[in-house]
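Read-outs: derived from the displayed coordinates by stated rules, not from any lab. Given the structure is predicted, the values throughout are model-derived calculations rather than measurements. FYI the Cβ positions are ideal-geometry reconstructions off the backbone, even for glycines, and counts take in every protein chain you see.
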Amino acid sequence: MKVTQHIEAAKGETLFSFEIIPPQKGKSIQELYNNIDPLMEFKPPFIDVTTSREEFIYMDKGNGLLEKKLTRMRPGTLGICASIKHKYNVDTVPHVLCGGFTKEETEYLLVDCHYLGIDNVMALRGDAMKDEQSFVPKLGGNDFAVDLVKQINQLNCGKYLHDLMDVDDKANFCIGVAGYPEKHLESPSLISDLKRLKEKVDAGADYVVTQMFFDNAKYFEFVAKAREIGITVPIIPGIKPIAVQRHLQVLPQIFRIDLPEDLIHAVDQCKNNADIRQVGIEWAIQQSLELKAAGVPVLHYYSMGKSENIRQIASKVF
Ligand code: FAD
């Protein structure tokens, strides 16, 4: 079932959903199940599975020659989606990236999604690699998320890249895209970024999931501005609980988001990690309750592979 159909069927009730990261290379899927199991009592209608690109570093072999080494790869987004879908009887949303893929490779991935009965995909550009100044698409790949949305939409119309003919069993993907209440880091302004978001929706995106934010006012302003320029699709807030002291530095640095002074102060007062986790949980509960009272369609949590704090939040909110 599509994410938008789940939202319609809920008739104004706020739904619970979350995002997981595939386990690291070599780890077992059981670890993932162990993190998903405690969250299933909150009946998520869909679960997102992220995708990451391969990253390489160049290591000096000692003789002046550099060796290219794979440092980070979390394969298996689609396999994980299929296995979760069947194990838990829940819809899954694979994240599909422009970065690292040609349009042909993307099409194969989408055809596989269709075979597997996956009805939703999240269309994203992806970030620049560590050794790139700015994002560089793969030769023959999509430049921006809007181009990927267009490609998915073409497939929904039964149009394949090299085989432009009608097919009986057309894909019918519901397409999610990213939105940024505090603007995307490369964008010159929030308004300019919102216009880009509108382009994604006009190209066929069915719903938006936001980047994490810690001040609900930012989300409410973002939604109001989006509605003003004619974006009418559901805008799902993304929530991430602070879990460690380091988040105070890295989250603003990586995502260019602001943290409220009260939250920084509360974390600074903590004596240990357990206290910081508790502050993060309490903050996310307050955010969630306010957003739910405002009637958001879904509360979407970034679990980052750990579910205990999400379980504690959900138990107070749902
Ligand atoms: P786009 O919508 O293409 O926008 C990128 C930038 O380009 C923006 O600044 C935009 O304003 C600008 N822009 C857009 N169109 C144009 C145009 N035509 N001309 C000029 N400028 C333009 N990353 C991953 O690697 N894996 C994941 O699984 C993943 N999941 C995510 C889930 C969510 C909910 C969010 C919010 C982000 C996720 N990301 C993920 C991160 C995402 O890939 C990065 O934020 C990336 O830098 C931008 O992706 P986008 O889809 O928003 O890009």
Relative to the present Cα-Cα distance, how much length would full extension add between Lys159 and Ile264 at 0.36 nm per residue of separation? 32.8 nm
Over region 159-255, consider all pairs of different Cα atoms and compute the Kirkwood hydrodynamic radius from their mean reciprocal separation; express it in Å, one decimal. 15.3 Å
Given a Förster distance of 25 angstrom, what is the FRET efficiency for Ala274 paired with Lys316, based on the Cβ-Cβ distance and rounded to 0.05? 0.90
Around Ala128, which amide H atoms from residues at least 5 apart in sequence, or from another chain, sit under 5 Å from its own amide H, with H modelled in the peptide plane? Phe135
Subtract the Cα-Cα distance of Glu105 and Lys306 from 0.36 nm times their separation in residues, and report this length gain in nm to one decimal. 69.3 nm
Run the reach check for Lys200 against aspartates and glutamates, Cα to Cα strictly under 20 Å, same-chain hits fewer than 8 apart removed. What comes back? Asp48, Glu107, Asp119, Asp127, Asp143, Asp147, Glu182, Glu186, Glu221, Glu228
Can you list residues whose amide H is under 5 Å from Gly179's amide H, if they're 5+ apart or on another chain and H is modeled 1.01 Å from N? Val209, Thr210, Gln211
For 278-285, 113-120, ranked highest to lowest by mean beta-carbon neighbours within 10 Å, the order is 278-285, 113-120
Between Lys138 and Ile229, the two model label points (7 Å from Cα along the beta-carbon direction) sit apart by a distance in nm of 3.0 nm
Mind checking the full-extension length gain between Val250 and Ser83? Use 0.36 nm per residue of separation minus the Cα-Cα distance, one decimal, nm. 56.9 nm
Show me 185-193, 237-245, 171-179 ranked by packing, highest mean number of other Cβ atoms within 10 Å first. 171-179, 237-245, 185-193
Amide H contacts of Thr92 (H built 1.01 Å from N, under 5 Å, at least 5 apart or other chain): Ile47, Asp119
Calc'd 3J(HN,Hα), region 32-46, phi into Karplus 6.51 cos²θ - 1.76 cosθ + 1.60 (θ = phi - 60°), Hz, glycine/Pro = x, comes to 5, 4, 4, 7, 7, 3, x, 8, 6, 5, 8, 6, x, x, 8
One computes Rg over Rh for the chain from alpha-carbon atoms, with the Kirkwood Rh, and obtains 0.96
How would you rank Val149, Val90, Val3, going from fewest to most other Cβ atoms within 10 Å of each one's own Cβ? Val90, Val149, Val3
Helix-only estimate, please: 222 nm mean residue ellipticity of the chain, summing -39500 (n - 2.57) across DSSP H runs of length 4 or more and dividing by its residues, to the nearest 500. -12000 deg cm²/dmol
